[in-house]
Amino acid sequence: MLINRFEAVEIPIPNESTLTKFYFPNLPNLTNALVDRIVLYNGNTQFTSILTGGTPSSTTQIAQTTITLYQGDLQLYYNLPLTSLINAATSSGASGLGYYNIPIDIDGMEISWTKSFISSPIAQDNTDRVFSFGIFYHF
């Protein structure tokens, strides 16, 4: 993949939150951008979040969370499991063997960020965590 531009984005889960849906913040640098790929960084790929230094979301949180993406008023990706956005992960077993997902190409989608969100059917088990995303895009 040819990388034209990259933006790091985070969705924090506040301490003691009982919410199950968290919206993306307003991302003015990504307005009218054509998104090529979205990746999620977990605790195996970063020790602290790259923007705020927060604790990355746990494997359990990622496994129970989905992402919904809008383009204008159209809901194009609905409840896509966040595990599909992780490029590399390591098993918790003693072998330390890892796996790699094939990156999902979004193919130039213009995302309405303030309408898009991550959600879980239940409140997150550990709060005060951060979901860290990498957005690859072009104009």
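Some points to look at:
- Space enclosed by the convex hull of the alpha-carbon atoms of the chain, per residue, Å³: 110
- Neighbourhood charge, 11 Å Cβ-Cβ cut-off, centred on Asn29 and excluding it, Lys, Arg +1 and Asp, Glu -1: 0
- Between Ser58 and Ile104, the FRET efficiency estimated from the beta carbon spacing at R0 = 35 angstrom works out to 0.95.
- Amide H partners (placed H, <5 Å) of Glu110, local residues excluded: Val35
- Put a dot 7 Å past the Cα of Thr45, heading toward its Cβ, do the same for Asn79, and the two dots end up 2.5 nm apart.
- Cβ-derived FRET efficiency at R0 25 Å, Thr114 paired with Asn15, nearest 0.05: 0.60
Read the figures in this text as sums done on the coordinates, not as results from a lab. Note that the structure is predicted; figures quoted are calculated from it, not measured. All Cβ positions, glycine included, derive from the backbone under ideal geometry; neighbour counts span all protein chains shown.
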